[in-house]
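Every number here is computed from the coordinates shown, using simple stated rules; none is lab data. None of these values were measured; they are calculated from a predicted model. Neighbour counts run over all protein chains shown; Cβ positions are idealised from the backbone, glycine included.
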């Protein structure tokens with residue numbers, strides 16, 4: 001393995017030093033994992049228009065156009081936009097022009113109702129699937145928004161996986177929850193979390209392991225569980241039958257298939273050390289977004305000795321409708337604009353995209369990015385920005 005690592009380093013070093021630099025180097029290690037390393041160039045994949053092509057909601061909105069805690073977006077085959085509103089438990093469907101088409105669901109435990117609604121996407125036949133972590137169920141709607149059926153997620157004697165996405169065959173990608181009793185903890189105890197994703201088949205009652213990654217560290221203060229800064233949880237998304245995961249300080253995406261690592265890809269870039277500006281940015285975040293009685297707990301986690309010395313590389317990953325992988329570069333200032341690295345279908349670096357402050361992407365089509373935009377008062381709007389490819 002040492003000789004293999006030396007070979008990869010030599011190949012990558014040749015790429016970096018040669019004129020002009022080659023865009024990538026690809027090798028396969030002894031376990032058959034495909035490794036693609038791209039040069040960290042200034043290549044631009046595209047840019048988002050400065051003005052949204054679609055905007056739904058706002059401070060003056062009312063009824064179904066007033067959102068709170070949006071828990072997912074989905075664009076169906078007819079280009080309609082499905083919005084899961086966490087507060088109401090509703091799924092609100094808008095046409096491509098932003099006009100309300102239908103409202104589904106609502107808060108409750110009956111058929112077609114939700115306690116903790118989340119949109120998962122479409123399965124084969126274009127039916128749309130929504131999950132409910134509050135009742136361990138998934139609900140299927142027809143492409144025309146009609147209730148079809150509700151399925152209970154298997155628990156296998158423990159807590160059921162939280163639904164996050166749907167495969168084409170209707171099986172569910174879920175994350176296994178980790179439950180710790182507060183009574184078993186001591187103040188100052190650190191919890192080492194993990195992220196385990198599984199493929200859940202409601203018909204057979206099975207849950208097949210799909211991939212795993214280290215999770216964030218948590219500090220138990222005696223009254224609250226607070227995250228230790230810069231230990232961001234893994235993010236994941238589906239690309240066909242593969243699960244894309246990002247975690248850790250390196251600028252790399254890992255793909256798992258059938259529970260095994262099948263390939264990794266990323267850019268050749270050094271991990272970044274936590275700087276004083278990062279600590280200041282997190283302290284400002286605590287002051288602005290954490291209620292005053294809880295701030296001492298969050299500050300103790302920030303100042304603790306277990307805080308990592310390296311920043312996360314990527315903290316989010318999304319797969320576009322045309323199979324490109326978008327990975328968001330972590331920034332300690334959550335309110336700042338963010339850079340996304342885009343990888344093509346061969347998993348080579350295709351360039352950067354800059355996303356403006358306050359916008360949280362959720363869905364990427366072939367030519368647009370849809371997500372949640374928050375105004376200065378924290379009001380949520382659904383917005384779409386067209387992607388202009390090229391520098």
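Taking all Cα pairs closer than 8 Å and separated by 6 or more residues, the relative contact order of region 173-322 comes to 22 percent. Taking 7 Å steps out from each Cα toward its Cβ at residue 59 and residue 310 produces label points 4.4 nm apart.
For the residues 289, 67, 247, a GNM of the chain with alpha-carbon springs under 10 Å puts the largest fluctuation on 289.
Given the Cα-Cα distance of residue 155 and residue 26 and 0.36 nm per residue of separation, how much length would full extension add, in nm?
Result: 42.4 nm gained on full extension.
Considering the values (i) 21.5, 64; (ii) 21.3, 74; (iii) 20.6, 68, which represents Rg and Dmax of the Cα atoms in Å as calculated for the structure under consideration? Given (i) 21.5, 64; (ii) 21.3, 74; (iii) 20.6, 68, the structure-derived one carries the label (i).
In this structure, residue 366 and residue 42 have a Cβ-Cβ separation that, at R0 = 22 Å, corresponds to a calculated FRET efficiency of about 0.35.
Averaging the Cα positions of each part gives two centres, and for region 224-279 and region 283-324 these lie 14 Å apart. Using the beta-carbon distance between residue 142 and residue 179 and R0 = 30 Å, what value does 1/(1 + (r/R0)^6) give for FRET efficiency, to the nearest 0.05? Efficiency for this residue pair is about 0.30.
Here the peptides 178-189, 93-104 are ranked by packing, the mean other Cβ count within 10 Å, and the order with the highest first is 93-104, 178-189. Taking 206, 277, 365 as the candidate residues, the one with maximal mean-square fluctuation in a Gaussian network model of the chain, Cα springs under 10 Å, is 277. Semi-axes of the equivalent ellipsoid for region 84-143, computed as √(5λ) from the eigenvalues of its C-alpha gyration tensor and ordered from largest down, come to 19, 15, 9 Å.
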